[in-house]
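Below is one structure, written out as structure tokens, with a few remarks after it.
Just so it is clear, none of the values below were taken in a lab; they were calculated from the coordinates. Quick caveat: nothing in here was measured; it's all calculated off a predicted structure. Quick reminder, even Gly has a Cβ in these numbers, built from the backbone with ideal geometry, and neighbours come from all protein chains shown.
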Amino acid sequence: MGSVLMAASFCLPLRATGQNTVTVKSTRDPVDKSYRKMIRGMERFERERAFAPNATLRFQLLPRLPSTDMRGITLRIAGDTVSVPVPVDENNFFVLPRHAQALQEDAAVLASRKTASMTWRARIESPGLPDGTRRLGDLRLECRVGKEAGLVSNSSPLFGWISDALNTPEGVCTSPDGNYLFFAERPIFAVTLRAGERVETLPFNMLYAGGDQTPDMLPFCDCQALLDRTYYVPLWDASWPDDTLVEFEYMVDAPGGVAP
Amino acid sequence: MKLGLLLCAALLAGCATQPAPPGSIVAAERLSTVVVAGRTTKAELLAAFGPTKSVRFDSGYEAWVYQSPAGGGQFSEFVVLIDPSGVVGKTRTRAPSTQ
């Protein structure tokens, strides 16, 4: 969007004399998250709990640059008159509180880091899963909530223009071309789907953001710092039920064979 | 207008680009004979099979993928994890999709 505005500004006639001055009191970084959007994501979670009936919803901050220091991050909801601190745990998970005044003021959710240095995701987890696994229904709902909440921070203007038309939760989360990126806890070597007797390992091109990211492309992907933890799952494929387990084999096994 | 033309050109150029090869084709028997986790080096892989599709990570690890004919026009995937010291750490084989 910034590029569009910049390009448009080149087309505006310049006034050679008597330049007008516009005072901008404040501006929001476009990557800061909209509180209203994140609340809409939470409302979608409640509406579509059938994907994950017993799950809980949190949000997570993740590094977008290799240099990002993810320790000690603070978070707040900031409106014109309100500022509400949001506790962030040691793994950078948080639960967003509801605040009527912040909604009314169209507040932003701001973290104590440069916005381009992080990305955000919804985290939906059903209880009682084996270590080193996720549940496909949880991931299906994560995609819908994450897109509704406007969390993904891929930043190429060109990609943005092209994908806007498809960039709805339905467009992304129900299409084989949706390419919603998930991040595992640690670098992955394999991801396997298991539903009863049916077991299938995902192809290589569903790991590492497709395995086609070049150094030139990587800065535009919010997987930049997490490429080795990145995977797609077939959210769109109804032949895999919501209770399908998504199992991870990590690059480095946990000490003593205990999954983290 | 110029911006629009540039965008169209970029789109057309993108459409004309061939997708990255999915990995060199190597018989499964050769892979299982040559590649031994904990012993085979990256240089030995290159010497035996040539370059293939790979991803290099900031950690120094690399993932390389080969395709092996599995009959009926299908291919199994053989994935090799190379550790930062340049030695194969893990391998795995993915059978052709059942669907």
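Can you list the residues, at least 5 places off or on another chain, whose amide H is less than 5 Å from the amide H of residue A:180, using H built in the peptide plane?
Distant-sequence amide H within range of residue A:180: zero hits.
At residue A:98 and residue A:245, where each label point lies 7 Å from the Cα along Cα→Cβ, what is the point-to-point distance in nanometres?
3.6 nm
Shielding by partners for B:56-66, please: the mean number of other protein chain Cβ atoms within 10 Å of each residue's Cβ. Working shown, then result.
Numbers: counts 3, 7, 7, 5, 0, 5, 0, 10, 1, 5, 1.
Mean partner-chain Cβ count within 10 Å for B:56-66: 4.
Using alpha-carbon positions, what is the distance between the centroids of the stretch A:103-143 and the stretch B:29-96, in Å?
34 Å
Would you work out the Kirkwood radius for the stretch B:21-94? I mean one over the mean of 1/r across all pairs of different Cα atoms, in Å.
12.3 Å
Using C-alpha positions alone, give me the convex hull volume of the stretch A:26-257 per residue in cubic angstrom.
141 Å³
Under the Karplus relation 6.51 cos²θ - 1.76 cosθ + 1.60, θ = phi - 60°, what is the ordered set of whole-Hz ³J(HN,Hα) values for the stretch B:74-79, x standing for Gly and Pro?
Each residue's phi maps through the Karplus curve to give 9, 10, 8, 9, 10, 10 Hz.
Starting from the amide H of residue A:149, placed 1.01 Å from N in the peptide plane, find each other amide H under 5 Å away whose residue is 5 or more places distant or on another chain.
Residues meeting the amide H criterion: A:41.
Determine which aspartates and glutamates satisfy two conditions relative to residue A:114: a Cα distance under 16 Å, and not lying fewer than 8 residues away in the same chain.
Partners found: A:29, A:32, A:69, A:222.
Based on Cβ point charges of +1 for Lys and Arg and -1 for Asp and Glu, what charge dipole magnitude is obtained for the stretch A:26-257 about its Cα centre, in debye rounded to the nearest 20?
That gives a dipole near 640 debye.
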